[in-house]
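**Student:** Right, I'll just put the structure down here and ask away after.
The values are calculated or read from the model by the stated rules, or taken from the named source; none is laboratory data. Values in this document were obtained by computation on a predicted structure and should not be read as measured data. In this analysis, Cβ positions are derived from the backbone assuming ideal geometry, glycine residues included, and neighbour counts consider all displayed protein chains. These accessible areas exclude ligands, DNA and RNA; they are computed on the full protein's heavy atoms, side chains included. Shrake-Rupley method; radii C 1.70, N 1.55, O 1.52, S 1.80 Å.
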Amino acid sequence: MTWPIGEFDDLRRLRVLHEAMPGTVLAETVLPAGFDEVWSVLGDPEQGFPGLVPDVRSIQITARDGERMRAVVRGRSGLRGSFDLILRPGWCLMQSRFVVFGMAAAPAGDERDGTRFGYLSGVRAPGMRLVSPLLAPVRQRFAATVLRRFEARFTPGRHPGT
């Protein structure tokens, strides 16, 4: 007798993290580019992320061990943080002491159908379960802004921020 095996794709895994972590927002879309094109940008956090996430000015990878990394993220607001990072094709999860950020991508059929994309971000702090409902509208607007930047990045003739 064998046990059934349930596999989660990376987008479902991101949804599970969102449900388990109060204070996060999750937004999803279909990017108008194939998975290989999308991941050639997103799989390079130092070059690909700045400009897509509004407050990220730079990311510097400081240590690597396979898919696990350490990075220093500098924000446009002047804040700086050290993050643990897991990066593999279709999956990125970054966590600092107070912030979590994640992305998942999967083909939406064949290359012409685009790429299913999910974006998760949030604050990790005591009491988030209590204040999370109050912050939901602000987090949703932020997530919509981020998705527009990602969509613009992969739409020919458009640029992030437009």
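**Student:** For the chain, modelled as a Gaussian network with Cα springs under 10 Å, which listed residue fluctuates most, D84, D36, D110?
**Tutor:** D110
**Student:** Considering amide H positions built from the backbone, and no H for Pro or chain starts, which residues 5 or more places from W91, or on another chain, come under 5 Å of its amide H?
**Tutor:** Those qualifying (amide H under 5 Å, at least 5 residues apart or on another chain) are A105.
**Student:** Using only DSSP helix segments of four residues or longer, with each worth -39500 (n - 2.57), what per-residue ellipticity at 222 nm results for the chain after dividing by its residue count and rounding to 500?
**Tutor:** Using -39500 (n - 2.57) per qualifying helix, the result is -9500 deg cm²/dmol.
**Student:** Once both labels are modelled 7 Å past Cα along the beta-carbon direction, what's the R141-F8 spacing in nm?
**Tutor:** Here the modelled spin labels are 3.1 nm apart.
**Student:** Given V138, C92, Q60, which one lies farthest toward the positive end of the charge dipole of the chain, if we put +1 on the Cβ of every Lys and Arg and -1 on the Cβ of every Asp and Glu?
**Tutor:** V138
**Student:** A further question on this structure: Would you mind working out the accessible area per residue for the chain, using a 1.4 Å probe, and quoting it in Å²?
**Tutor:** 58 Å²
**Student:** With +1 assigned to the C-beta of every Lys and Arg and -1 to the C-beta of every Asp and Glu, and no other charges, what is the dipole magnitude of the chain about the Cα centre in debye, to the nearest 20?
**Tutor:** The dipole of the chain has a size of about 860 debye.
**Student:** Considering only protein heavy atoms and a 1.4 Å probe, what is the carbon-and-sulfur percentage of the accessible area of the chain?
**Tutor:** On the chain, the fraction of accessible area on carbon and sulfur atoms equals 55 percent.
**Student:** When the Karplus curve 6.51 cos²θ - 1.76 cosθ + 1.60 is applied with θ = phi - 60°, which whole-Hz ³J(HN,Hα) does each residue of the stretch 25-39 get, with x for Gly and Pro?
**Tutor:** Each residue's phi maps through the Karplus curve to give 10, 10, 10, 10, 7, 10, 7, x, 8, x, 4, 4, 5, 4, 6 Hz.
**Student:** Scan around G51 for amide H atoms under 5 Å from its own, H built in the peptide plane at 1.01 Å from N, and keep only partners 5 or more places away or cross-chain.
**Tutor:** Residues meeting the criterion, in which the H sits 1.01 Å from N, are V56.
**Student:** Rule-of-thumb check for the chain: C-alpha Rg over 2.2 N^0.38 Å?
**Tutor:** Normalised Cα radius of gyration, the chain: 1.05.
**Student:** Shifting gears a bit: Could you pull out every residue, at least 5 positions away or on a different chain, whose amide H is within less than 5 Å of the one on V99? Hs are placed 1.01 Å off N in the peptide plane, and Pro or chain starts have none.
**Tutor:** R124
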